[in-house]
1. With the structure loaded, tell me whether Phe135 is part of a helix (DSSP H, G or I), surrounded by 20 or more Cβ atoms within 10 Å (Cβ to Cβ) and of a type in the set (A, V, I, L, M, F, W, C) or whether it fails that test.
2. Would you say Val23 is within 18 Å of the chain's Cα centre (by Cα) and open to solvent by less than 30 Å² (accessible area, probe 1.4 Å)?
3. Can you go through Leu189, Leu158, Leu164 and tell me which one is farther than 24 Å from Gly30 by Cα, in contact (Cβ under 8 Å) with a residue 12 or more places away in the chain and of a type outside the set (Gly, Ala, Ser)?
4. Would you mind telling me which numbered condition in (1) open to solvent by 50 Å² or more (accessible area, probe 1.4 Å); (2) under 19 Å from Phe82 (Cα atoms); (3) not basic (Lys, Arg) Pro206 fails?
5. Restricted to region 152-197, and to residues that are surrounded by 15 or more Cβ atoms within 10 Å (Cβ to Cβ) and among the aromatic types (Phe, Trp, Tyr), which residue is nearest to Ile80 (Cα to Cα)?
6. Among the residues of region 42-80, write down those that are out of contact with any Lys or Arg (no Cβ under 9 Å at 6 or more places or on another chain), open to solvent by less than 20 Å² (accessible area, probe 1.4 Å) and of a type in the set (Ser, Thr, Tyr).
7. At pLDDT 95 or above and over 20 Å from Thr175 (Cα atoms): is that true of Met12 in this structure?
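The values are calculated or read from the model by the stated rules, or taken from the named source; none is laboratory data. Quick caveat, the model's predicted, so the values are computed rather than measured. Methodologically, a virtual Cβ is constructed for each residue, glycine included, from the backbone with ideal geometry; neighbour enumeration extends over all protein chains shown. The protein model used for the area step is the full one, side chains on, heavy atoms only, and it has no ligands, DNA or RNA in it. Shrake-Rupley method; radii C 1.70, N 1.55, O 1.52, S 1.80 Å.
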Amino acid sequence: MKKYVAEMLGTMFLVLMGCGSAVFAGDYVGFLGIAFAFGLTVLVMCYAIGPISGCHINPAVTVGVFINGGIERKDALMYILFQFIGAAIGAFIVYTMASNFFTAAAAAVGQNGYGSSASPAGYSMGVGFVAETVFTALFIMVILGATNPKANVKFAGLAIGLTLVLIHIVCIPITGTSVNPARSFGPALFAGAVAMGQLWLFIVAPVLGAVLGACLWRIISPGNKVA
């Protein structure tokens, strides 16, 4: 149970810090600052809860690790459940503060989106789907490579965190960057009908990307499993 709770807490902090940076500090730090907020949160969580749960804090990562043989099915399902719970809690905290304890309308809670009205730069659904799929595949490949027994796993958190920074730098204008179904689910709960209606893309594309990334990793590194 401890590892499930660790995944819940890690995902909660990811949403709180990442989406919180967009909501409260976006005008001050810009896209680059938001990108670092997400990446640095993953980095520090890797070292905080990595020894307990492996620090997936992302259903797509859990799917990729499962395909690579690094986690049992039961644990994978429980990880995903607790990741979604943690994301909802983190988004609720952001929403509570953004609405000044429900006394005002929250303009945004860090939700993801596509199309002229929801994408930060007005990119279409097709562009968003491709971006989320490809960048998730890249993310999974880096995670599987950095945590492989043949790698220097002491620096895995650094590699993974910086990869997420790079992904956000490119992808924030397109969709706000998900590559994480739970991270999209939490804010969508409080962002309204448009975010909920578009949530499917931020579940399907990252999962597809996770499968693609894990399969590509198995092709170039057959027989290797994560630590």
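1. It is true that Phe135 is part of a helix (DSSP H, G or I), surrounded by 20 or more Cβ atoms within 10 Å (Cβ to Cβ) and of a type in the set (A, V, I, L, M, F, W, C).
2. Here the answer is no, as Val23 does not meet what is asked.
3. Selected residue: Leu189, the only one of Leu189, Leu158, Leu164 that is farther than 24 Å from Gly30 by Cα, in contact (Cβ under 8 Å) with a residue 12 or more places away in the chain and of a type outside the set (Gly, Ala, Ser).
4. (1)
5. Selected residue: Phe185.
6. The one that is out of contact with any Lys or Arg (no Cβ under 9 Å at 6 or more places or on another chain), open to solvent by less than 20 Å² (accessible area, probe 1.4 Å) and of a type in the set (Ser, Thr, Tyr): Thr62.
7. yes
To keep it simple, each residue is scored yes or no on (1) modelled with pLDDT of 95 or more; (2) of a type in the set (D, E, K, R).
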site	(1), (2)
Met1	no, no
Val23	yes, no
Asp27	no, yes
Phe66	yes, no
Gly70	no, no
Ile80	yes, no
Ile85	yes, no
Val94	yes, no
Phe101	no, no
